[in-house]
Amino acid sequence: MIGSATGNVIEQNLVTGNTNGIYIAATVGQNVIRNNTAIGNPAIQVGNTRPETRALDIVNLSPADRTVFDRNRCLTALAAPCPAINP
């Protein structure tokens, strides 16, 4: 989410193979991110061929009180809960 996006619910998505899976910019308003699976961001090919690329499954740059995270699954995250996924 970018700009001043507010009132959105991002729910029940499979997010994989992107540079950043779920990306929440610093300027967004109140939003809910729930029941998503974000794994493999970036794609393994990018990670192997471009190790300098810094990317994560969930990137949250918004202030702590703006974005609600609920029951998401991921392996890597910035400023977002990322519970371990069992094989």
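Computed values, structure above
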{"quantity": "Where labels lie 7 Å past Cα in the beta-carbon direction, separation of Val9 and Gln30 in nm", "calculated": "1.4 nm"}
{"quantity": "Sorted peptide list for 56-64, 10-18, criterion being average Cβ within 10 angstrom, highest first", "calculated": "56-64, 10-18"}
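Every read-out reported here was derived from the displayed coordinates using simple, explicitly stated rules and does not represent laboratory data. No experiment lies behind these values; they were computed from the predicted model shown. So basically every Cβ, Gly included, is an ideal-geometry build from the backbone, and we count neighbours across all protein chains shown.
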